[in-house]
Amino acid sequence: MSAIVNEVRKEKVTLKNLTLENITKACRGTYHGPERLLSEEVTDVVIDSRKVEKGDLFVAIDGENVNAHQFIPDTIAKGALCVVSHEDLGDTDYPYILVESTGQALLDIAKLYRDSFDVKVVGITGSVGKTSTKEMIAAVASQKYNVHKTLGNFNNEWGLPLTIFQMNESHEVAILEMGVNHFGEMRRLSSVASPDICVITNIGVAHLEFFKTREGILQEKSEMIQDMKNGGTIILNGDDDLLSQMEPVKGSVPLFFGTGENSQFRASDIQALGLKGTRCTIHLPSGDSFTCVIPVPGSHMVSNALAGAAVGYSLGLTPEEIKAGIESYAALPGRNHLIQTDSLTILDDCYNANPVSTKAAIDVLALSEGRKVAVLGDMGELGSDELDLHYQVGAYAAQKGIDLVCGIGPMSKDLVRGVTEAGSSAKGMWFETKEDFLSSLDTLIQKGDNVLVKASKYMKLPVVVEALQNK
């Protein structure tokens, strides 16, 4: 959650409809303080005491090892208008709202704020590709509308509210990413977002430790649709075996995107352009079609482009606007981000990883010309089959012609074993820690190499990308 706490600040204005009176009602709290302040609007809602500024509302959400309530006096000294607390603070010389749960209060306040705007909300979830799909949809929708979108990884029970608080009256479309890894979490998010358009990218094997089966993942992800507004639009990946079987929900018949004939938004004539991207023709339900170049490598980007086309079409964009949006797409650091240095081509995809997304990244690396090196770290939350899944990724890398696979972390020992037992010319090397790998960097990486870096985010491999850039 640490990255979530480092909120992005916006220009200081009061937040529409967020008076202390309305906030107290929304989170079913008890207000303690001068009645004259009840009509005051807060300037921002903050959960990091270090970021508090004059006029803010500080919501004291405790972390795993920190009681946020101990920082309340500091926030008042910085000018916070009010505090939300789940501890009874007794008689104070500053206003506070007592609630049962500050975490729930944050969601309740975000719901109040979201409902203050007449804005089309696009909700996105899925096992793989949520963020890149979000960025693609934003690139398309911004061709016609003023778009607000989830920043970075602000997609959980803290991040979604903080994203919503960055909205203002100039925004016409909000694209909100929702990530979950336990049953019951989706409705907590989607009930706040109240999406007009629901997009599910795919049902993979991420978080199997908690969901047990892909069917369990489908069950939880699709809960988002229960909070879709009446008359809303459901957009699903028609190439996904589970999503393609989904029936109408709340009277809405799903629209599908994919490469199959049954998808209303379909791609044909797909041509890989190496690390320069992919050319394809996109067909729309209207009968219109256009050829475009997706400027980021990887066949999975075709699926993202189709999702962008489907949302753009649903929002009333023309084929020309959809095409322009797709071709304007730019990858984020850590997510299929191509970095060209004087000596190396680096594929920075180290924000997060699971077997499906890692194989997709290997597919991209395989498109490059020259020596191919994959630096792969442990993938978390895979359940009882985690070692076998690592082994399969290693075998896949060998089959795809990757020249050198460097595995980092305890579980990646099995990944490297998958490489060496594949019977190919691929070489596998295992390192217990990233520090061990970095100490051997100069002997492993050669000038002209194409290097993929990917792992679950807890492995913290951006330091490897940085070292490669400085090599």
remark   = Note to self, the chain gives a 222 nm [θ] from helices alone (DSSP H runs n ≥ 4, -39500 (n - 2.57) apiece, / all residues, nearest 500) of -8500 deg cm²/dmol
ask   = What does the range 174-274 give for Rg and for Dmax, in Å, if only its C-alpha atoms count?
value = 14.4, 43
request  = Starting from the Cα of residue 250, draw a straight line to each of the lysines and keep only those under 17 Å, dropping any in the same chain fewer than 8 residues away.
outcome  = 221, 229
key: Net lengthening on full extension, residue 13/residue 339 (0.36 nm per residue, minus Cα-Cα)   = 113.6 nm
query = Label residue 286 and residue 91 with points 7 Å out from Cα along Cα→Cβ: what is the distance between them in nm?
reply = 6.9 nm
task = Of the DSSP beta bridges with both residues in the chain, give the percent that are antiparallel, rounding to the nearest 5.
result = 30 percent
request  = Compute the Kirkwood hydrodynamic radius of the range 127-230, taking the inverse of the mean of 1/r over all pairs of distinct Cα atoms, and give it in Å to one decimal.
outcome  = 14.1 Å
query = Charges only on Cβ, +1 for Lys and Arg, -1 for Asp and Glu: so what's the dipole of the range 309-437 about the Cα centre, in debye to the nearest 20?
reply = 280 debye
request  = Take peptides 404-415, 449-460 and line them up by average Cβ neighbours within 10 Å, highest first, as a rough protection proxy.
outcome  = 404-415, 449-460
key: the range 265-305, accessible area per residue, ligands and nucleic acids excluded (1.4 Å, Å²)   = 39 Å²
ask   = On a 0 to 90 degree scale, rounded to 10, what angle separates helix 102-114 from the longest Cα axis of the chain?
value = 90 degrees
query = Looking at the chain, what % of the alpha carbon pairs are farther apart than 44 Å?
reply = 17 percent
query = In straight Cα distance, which lysines are under 25 Å from residue 447, not counting same-chain residues fewer than 8 positions off?
reply = 276, 359, 372, 400, 427, 434, 460, 471
task = Compute the Rg/Rh shape ratio of the range 355-471: radius of gyration over Kirkwood radius, all on alpha-carbon atoms.
result = 0.93
ask   = What residue among 295, 170, 55 has its Cα farthest toward the positive end of the dipole of the chain, where the charges are +1 on Lys, Arg and -1 on Asp, Glu, each on the Cβ?
value = 295
task = Could you estimate the translational diffusion coefficient of the range 258-385 from the Stokes-Einstein equation, with Rh from the Kirkwood formula over C-alpha pairs, at 20 °C and 1.002 mPa s, in whole µm²/s?
result = 135 µm²/s
task = Taking the chain as the reference, fit the longest principal axis to its C-alpha atoms, fit the long axis of helix 355-366 to the helix C-alpha atoms, and give the angle between the two in degrees, 0 to 90, nearest 10.
result = 50 degrees
query = Lys pairs in the range 56-207, Cα-Cα under 18 Å, at least 8 apart or on separate chains: how many?
reply = 8
request  = Can you send over the carbon and sulfur percentage of the accessible area for the chain, probe radius 1.4 Å, protein chains only?
outcome  = 47 percent
query = Against the longest principal axis of the chain, how steep is helix 386-399, in degrees 0 to 90 to the nearest 10, with axes from Cα atoms?
reply = 40 degrees
key: Inter-probe distance in nm under a simple model that places probes 7 Å from Cα toward Cβ, at residue 432 and residue 187   = 4.7 nm
message = I need the GluC sites (Glu not before Pro) found in the range 399-471, filtered to DSSP loop residues with at most 15 other beta carbons within 10 Å of theirs.
response = 421, 432
query = Just the C-alpha atoms of the range 333-404: what Rg/Rh do they give, with Rh taken as the Kirkwood radius?
reply = 0.98
task = Give me the distance between the Cα centres of the range 356-430 and the range 206-251, rounded to whole Å.
result = 30 Å
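The values are calculated or read from the model by the stated rules, or taken from the named source; none is laboratory data. Worth saying up front: this structure is predicted, and the values here are computed from it rather than measured. A quick note on method: Cβ atoms are made from the backbone with ideal geometry, for glycine too, and the neighbour counts reach across all protein chains shown. Protein only, heavy atoms only, side chains kept; ligands, DNA and RNA dropped before computing areas. Shrake-Rupley method; radii C 1.70, N 1.55, O 1.52, S 1.80 Å.
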